[in-house]
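J.: This is the structure, below, for whatever I ask next.
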Amino acid sequence: MNTLKTALLLGLLSILLVFMGSYLGGAGGAMSFFVIALVINFASYWWSDKLVLKMYRAKPAEETQVPELYSIVRNLTAKANLPMPKLYILPQDTPNAFATGRNPEHAAVAVTSGILRILNKQELEGVLAHELSHVKNRDILIGTIAAAIAGAISLIATMLRYAFIFAGGNRRRNDNVMGLLVMSIIAPISALIIQMAISRSREFQADASAAKLIGSPRGLAVALEKLEQNIKRKPFQRGAQATAHLFIINPFKQNFLSSLFRTHPTTEQRIEKLYALNLN
């Protein structure tokens with residue numbers, strides 16, 4: 001059911017992009033934006049992991065430096081019947097983690113230096129089990145493609161708003177110009193809502209899969225609470241909001257607008273669902 005829902009949501013994102021092209025340039029515009037959607041999907045499939053890792057200055061994790069990290073991941077991948085992913089460290093004091101890659105055979109798991117300092121072994125195991133569950137469920141590729149298309153829609157919508165602002169005289173009263181303005185506002189909001197729906201359902205599923213993999217919800221639940229409190233005190237200062245859904249907890253400062261379009265369920269909801277799981 002989740003796979004069908006995700007395919008539907010990704011299809012809606014692409015349709016929205018094509019619709020914008022049709023509005024701007026008729027059949028030719030629709031075809032052009034359809035090609036753009038295909039290119040975005042193709043590029044996201046092959047290079048999204050490298051782009052995200054580079055964006056956050058991730059460095060390959062050496063086993064001699066973080067032996068416990070390697071030990072935990074090896075144990076979890078054996079249990080989950082997954083290949084060993086590449087491991088990376090983000091030079092970031094704020095604790096967080098994410099996974100990326102187009103499939104389990106080309107996966108990477110990245111953790112911040114901060115998370116290695118504040119979590120004990122049980123809590124870190126819960127976080128890593130969550131990220132490996134995303135890998136196994138092939139959530140990361142889906143989320144990255146959704147973010148890429150949503151980002152493209154938002155960029156085009158911004159261009160449309162500027163076109164309206166700089167339109168002169170009578171054009172401001174033209175119905176077509178008003179239509180452009182309305183679409184430039186609605187389109188990115190629609191894209192965010194679709195992206196948000198993908199992320200929220202996948203987070204709950206990854207939480208449940210992680211708890212089942214390690215046999216207890218406690219490690220992940222305690223880790224989520226710790227991460228939430230630390231991020232409130234010291235959110236990420238660099239990075240792109242379009243990547244927020246990749247992290248186990250949204251790493252950026254929350255304001256009124258971002259709280260309306262949360263990419264993650266609330267931490268309270270996630271912890272409540274974790275403790276309500278029947279793992280017998």
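J.: Extending each Cα 7 Å along its Cβ direction at Val35 and Arg233, get the distance between those two points in nm, one decimal.
T.: If labels sit at Val35 and Arg233, their model points lie 5.3 nm apart.
J.: Here's another thing I want to ask about it. Spelling out what I want: for every residue of the stretch 27-35, take phi, set θ = phi - 60°, compute 6.51 cos²θ - 1.76 cosθ + 1.60 (Karplus), and round to whole Hz; glycine and proline get x.
T.: Ordered by residue, 3J(HN,Hα) equals 5, x, x, 4, 5, 4, 6, 5, 4 Hz.
J.: For the stretch 119-136 and the stretch 18-49, write down the distance between their C-alpha centroids in whole Å.
T.: Using only Cα atoms to place each centre, the spacing works out to 35 Å.
J.: Can you figure out the FRET efficiency of Asp93 with Lys54, using R₀ = 22 Å and their beta-carbon distance, to the nearest 0.05?
T.: After rounding to 0.05, the efficiency reads 0.65.
Where a number appears in this text, it was derived from the coordinates with a stated rule and is not lab data. Here the structure is a predicted model, which is why all the values come from computation and not from measurement. As a convention, Cβ positions derive from the backbone with ideal geometry for all residues, glycine included, and neighbour counts pool all protein chains shown.
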